[in-house]
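The values are calculated or read from the model by the stated rules, or taken from the named source; none is laboratory data. Not measured: the values here are computed from a predicted model. Neighbour counts are summed over all protein chains in view; Cβ atoms, including those assigned to glycine, are modelled from backbone coordinates with ideal geometry.
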Amino acid sequence: MPQIIDGKAISAQIKDELKEKVQRLKENGVHICLAVVQVGDDPASSVYVGNKKKACAYIGIESLSYELPAETTQEELLRLIGELNGRADVNGILVQLPLPAQIDEDAVIRAIDPKKDVDGFHPQSVGALCIGQPGFVSCTPAGIIQLLRRSGVEIAGKECVVIGRSNIVGKPMALLLLRENATVTVAHSKTRNLQEVTRRADILIVAVGKPRMITREYVKEGAVVIDVGVHRNENNKLCGDVDYEDVAPVCSAITPVPGGVGPMTIAMLMNNCVEAGSAR
């Protein structure tokens, strides 16, 4: 049987470490605050925002909540971000995506002060990652690195394949793996002979956005498989991009869905918030 990489347990460990760090910062007069902005009432977004607020409360940092109506204009949202940028008591700003159609997400991401960009989406944050400079890293890829490290998976020198090239997961994931001294291939919808490419991987990271697309034919015997996808199957149960039952018998370690990558995203968001507060 493969090692089941438990994201719930690892994220809880990280949050406990952050809780201690926040307590020490408070004793030195440093208080940390995250502003969370949600436009509209998308149900999935509301769940994510609620989980982020709970995580803030658990580690001991303040969260400010801005719940704006769906018809909010881009100008109104940018004005709020400008105010939050200027507030010395706000260390991190998070605008929950997706945004309503009338708002340009790119303009909103660019408006956030890079020093408060705890999502790691600002072009300056991404550029810093590219050239190895300090900066906030997108939370899901950062969480995957922690999952691998804390599960005893050696990254340096390994052949890694990332399926997916999104700005939020695929691209920063590849850069982080390079930083860990892996050899990295990024595969995507136009990749030829995808199974041949993925079967080279010692570590296969799947962020393709198609439920249970990856079966054992894509996986090298003994590989580590990280599943970033989250979907509802025909029985309304959560599943990932990987066909877990089919792939688990051939790999050495695998993340489940749910309970794998998901909890790590919020843990790393909390880590970025604490870093933002510590940097003052």
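Of all the residues in segment 158-184, those that are at positive phi and not polar (S, T, N, Q) number 1.
Each row is one residue, and each column tells you yes or no for (1) of a type in the set (Lys, Arg); (2) over 30 Å from ARG79 (Cβ atoms); (3) within 17 Å of the chain's Cα centre (by Cα); (4) at pLDDT 95 or above.
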position	(1), (2), (3), (4)
ALA9	no, yes, yes, yes
ASP16	no, yes, no, yes
LEU25	no, yes, no, yes
VAL36	no, no, yes, yes
SER45	no, no, yes, no
TYR48	no, no, yes, no
ALA55	no, no, yes, yes
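Of all residues in segment 115-133, exactly one satisfies the criterion of being surrounded by fewer than 16 Cβ atoms within 10 Å (Cβ to Cβ) and either of a type in the set (Val, Ile, Thr) or in the same structural domain as VAL47 (by TED's automatic domain parsing) (or both), namely ILE131. One residue stands out in segment 45-66 among those that are among the polar types (S, T, N, Q) and over 18 Å from LEU99 (Cα atoms): the one that is surrounded by the fewest Cβ atoms within 10 Å (Cβ to Cβ), namely ASN51.
Are there any pairs with C-beta distances below 6 angstrom linking a residue in segment 189-200 that is assigned by TED's automatic domain parsing to the domain that holds VAL161 and surrounded by 11 or more Cβ atoms within 10 Å (Cβ to Cβ) to a residue that is part of a helix (DSSP H, G or I) and among the acidic types (Asp, Glu), with the two at least 6 apart or on different chains, and if so which? Pairs found: GLN195/GLU217. Look at segment 220-234: where a residue is in contact (Cβ under 8 Å) with a residue 60 or more places away in the chain and a partner is acidic (Asp, Glu) and assigned to a loop (DSSP other than H, G, I, E, B), sitting 6+ places away or on another chain with Cβ atoms under 8 Å, you get VAL224/ASP202; VAL228/ASP241. Residues in segment 67-113 that are acidic (Asp, Glu) and closer than 25 Å to ASN272 by Cα were compared, and the one that is surrounded by the most Cβ atoms within 10 Å (Cβ to Cβ) is ASP113.
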